[in-house]
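The values are calculated or read from the model by the stated rules, or taken from the named source; none is laboratory data. None of these values were measured; they are calculated from a predicted model. Quick reminder, even Gly has a Cβ in these numbers, built from the backbone with ideal geometry, and neighbours come from all protein chains shown. With ligands, DNA and RNA removed, areas are computed over all heavy atoms of the protein, side chains included. Shrake-Rupley method; radii C 1.70, N 1.55, O 1.52, S 1.80 Å.
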Amino acid sequence: MINLGVLVSGNGTNLQVIIDSIEAKRLDARIRIVISNNPNAYATTRAKKHHIPAFIIQDNKFSNREACDKHLLDILQSHSIDLVVLAGFTRLLTPLFIKSFPMKILNIHPALLPAFPGLHVQKKAVDYGVKFSGCTVHIVDEGIDTGPIIIQAVVPVHTDDTEETLAQRILKQEHRIYPQAIQFFAEGRIEVKGRKVIVKDQPEIAGVLENPQVEIFK
Ligand code: GRF
């Protein structure tokens, strides 16, 4: 059983599937604390509904971002957090914070990294005309969406997709891969070698995806 600290900023659907996965005993963890940098985040209401302590910590209440992160760290460390889970957390963490939880901060990103890091990435994928996009769970390092990749899920991009329709399709897959990545961590099955993450006792997957379909080879 590992102790999670979940950082949120918004609706919190990823937080919700983590809570639900724990309650369904698919995920061997407990959420000790939820922290939001946005006082209006619905995610904190979700936490409270499940009797999980939720705090608001806004960086504009501190003299600088380091001071804010120091406060965040104090709270997380006082709750014996093993893994920090960023679930739609929109603020960049300082190197001080990242160094304090080495290889123990996860993030979910709604694109197939390293394509489309940063913000508004579903729109960028639609506008670029890629045929596939998806989502990525990665370990957080000091770059923007650059850390070692644990798991990715791929979805097709349809010709009539909008930012919203693609975001919905990707979000459904986020809700599958994020609890799974946390469970890999809880089971001690994640080994990091440089940029590469090895998930122990997992077969390599076979097969190929194409969009549109190849028709001339049967
Ligand atoms: C998700 O698309 C996630 O990939 C991104 O922010 C969104 C958060 O959604 N980092 P929610 O707050 O979990 O519903």
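Legend: residue pairs LYS25/LYS104; LYS25/LYS99; LYS124/LYS218; LYS131/LYS200; LYS196/LYS218, Cα-Cα distance threshold 29 Å; pairs beyond threshold, LYS25/LYS99; LYS124/LYS218; LYS131/LYS200; LYS196/LYS218.
The modelled label-to-label distance between VAL214 and GLN168, using points 7 Å beyond Cα along the C-beta direction, is 3.2 nm. Taking all protein chains into account, the per residue accessible area for the range 107-209 stands at 56 Å² (1.4 Å probe).
Between the range 1-38 and the range 83-134, the alpha-carbon centres lie 17 Å apart. Considering only protein heavy atoms and a 1.4 Å probe, what is the carbon-and-sulfur percentage of the accessible area of the range 1-101? The C+S portion of the solvent-accessible surface of the range 1-101 is 50 percent. Per residue, the accessible area of the range 1-66 comes to 51 Å², computed with a 1.4 Å probe over protein heavy atoms only.
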